[in-house]
Structures are given as C-alpha cells and as structure tokens.
Amino acid sequence: MRKILIILLIVTAGQGAYAQVKGFVGLKGGGHLSTAYIEHTIYNTFMNTGFIPGYQGGLMLKLFTNRSSTSFLNAGLQSGLAYEQKGWKQTFATDEPTYHIKMSYLNFPVEAMAYAGKGNTKFFFTLGMFTEWLVNVEKDPDPDPDNMGTGVEFYTYEENRDRTFGYGVRLSLGVQHEFPFGAIHLDGFISYSVSSLMKTEDLDNRLPDLSNHYLAGFTVAYMIPFGKMDF
C-alpha cells in the first residue's frame, strides 16, 4: 500500500510539473569558424594563428517557464549534448605549409534564457557555461623548425601533456517558430573556452600558459514540444 501511495504522489507531482512548463527537445546542427588565443603571460609569443571551419551536432533541450503578465521578457533554460569540432591554423611567412589542427569535443552546455514574443514565434537570448571532453585530435605533421621564419614559434596540442577536460562560456541570440509539425530553432552564437588547452605549471617555461579556443557560428534545430503550459 505504501509503495502504491508513493507512486501516485510521484505521478501527480510529475503531471503538475508537466502542466507548468513548455519544453522542446530535438536535434541540432550547425557550423562555425574557430581559432585559438595562444599567448604567454610573461614572454611574447610569435605565432600567426587563424580561423578554420568546423561543425557541431547533437541534442537540444529548451524549457520555457511561466510567462509574466507584467514583463515582456521571460525566463527559461537551454541545454543539450553535442559533438563539436574546433581548432586553429598557423601560417608562416616562408613557403612552409600552413599547419592545421582539429580537436573534437563532447560538449555539455547549460544556459539561462530570456525570451520575448507572443504566439508561435519567440525571440531569445542565452548566456551560460559549458563543459567539454576531448574525444579526438587531427593535426598536420609539425612544421620544419628551420623553415618557419626568424623568431617564429610553434606550439600545438600534445596528447601526453595537455588537457582533455575544459570549460567555458557561451552566448547566443536567435528565434524559434512553432509549426504544427514541430518547432524550428535558429541562432547565432559565440563561445570562449576559459580553460587553457595546453598544460603548463611553470611561467619560466616558454610554453604558453594561455591557450583558449574561441569560435562564432550558427545553430539550426528541429524540436518536438512537450508540456501543457500556454506561453
């Protein structure tokens, strides 16, 4: 009897929560340009880094809370799980070929969302943090140190030295429209990895202690709704 009561309480609470939210879950994908900020706190670092194209795709979850009757802005939450590819290129003033590195991560964002709009169209802004775990690295052969140019330095990710776990911040601006067959989400975003990808513990070492990914791109998602809240 006690087990039955507990189950009934859980179901009742779940139905109440289900009726007080409007959520969407679905698939997302998109593209971006990424590069890396690589510097040393004490020494000058002589590297010419640039952007490379990348992509991301995975799951998206959005939760909209009760709409306020006194404000046109309302709150929500955006999260998900994605496979994200980023990296950078280094160019040289000599005939040395451009060096490319691509690093693929599993990315878990948690973002606060502010949204506005009535009816099926919502405009939103998100700001939050993400954690990431490195799952793959693709990189060109190291350049010839005698052919990089006078004073030019070269640093890259080393699997036996550097970090696989990272974290950072992400913000986005976009629009969502709900159709009878589901909702379409479109946003533009920027993100910055606060944690350095290269691991250095001694500032006397010329290995850069600042090595941070940053990128800008867009996301498209198709989502199906759940919850009964009218928002």
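The values are calculated or read from the model by the stated rules, or taken from the named source; none is laboratory data. These figures come from a predicted structure and were not determined experimentally. In this analysis, Cβ positions are derived from the backbone assuming ideal geometry, glycine residues included, and neighbour counts consider all displayed protein chains. We work out accessible area using only protein heavy atoms, side chains counted, and drop any ligands, DNA or RNA first. Shrake-Rupley method; radii C 1.70, N 1.55, O 1.52, S 1.80 Å.
Please identify every one of the GluC sites (Glu not before Pro) in the stretch 112-166 that sits in a loop by DSSP and has no more than 10 other beta carbons within 10 Å of its own beta carbon. Qualifying residues, ordered by number: Glu159.
Only protein atoms count toward the accessible area here, which uses a 1.4 Å probe; on the chain, the carbon and sulfur part of that area reaches 64 percent. For the chain, the longest principal axis of the C-alpha atoms and the axis of helix 2-19 are separated by about 80°. Prolate is the label for the stretch 169-231, because the ratio a/c of its alpha-carbon gyration tensor axes (a ≥ b ≥ c) is 1.5 or higher and a/b is greater than b/c. Based on protein heavy atoms only, the stretch 90-231 ends up with 52 Å² per residue of surface accessible to a 1.4 Å probe.
With a cut-off of 11 Å between beta carbons, the residues surrounding Leu61 carry a summed charge of +1, where Lys and Arg count +1 and Asp and Glu -1. The mean of 1/r over all pairs of different alpha-carbon atoms in the chain, once inverted, gives a Kirkwood hydrodynamic radius of 20.1 Å.
With a sphere of radius 15 Å drawn around the Cβ of Ile224, what net charge do the other residues whose Cβ falls strictly inside it have (Lys, Arg +1; Asp, Glu -1)? Intermediate results must be reported in sequence, preceding the final value.
Numbers: positive: Lys22, Lys28, Lys62, Lys228; negative: Glu178.
So the environment of Ile224 carries a net charge of +3.
Among the listed pairs Lys89/Lys199; Lys28/Lys228; Lys62/Lys86; Lys22/Lys102; Lys86/Lys199; Lys86/Lys228, a Cα-Cα separation exceeding 29 Å is found for Lys22/Lys102; Lys86/Lys228.
Starting from the stretch 95-203, pick out the trypsin sites (Lys or Arg not before Pro) whose DSSP state is loop and whose Cβ has at most 11 other Cβ atoms within 10 Å. Numbers along the way, then the final one.
Working: sites: Lys102, Lys118, Lys122, Lys139, Arg161, Arg163, Arg170, Lys199; in loops: Lys118, Arg161, Arg163, Lys199.
Here the sparse-neighbourhood loop sites are Lys118, Arg161.
Which parts of the stretch 80-122 would a label at Leu61 reach, counting a residue when its backbone N lies under 14 Å from a point 7 Å out along Cα-to-Cβ? Output list for this probe position: 80-82, 108-112. Taking Ala221, Ala93, Ala112 in turn, the Gaussian network model of the chain (Cα-Cα springs below 10 Å) assigns the largest fluctuation to Ala93.
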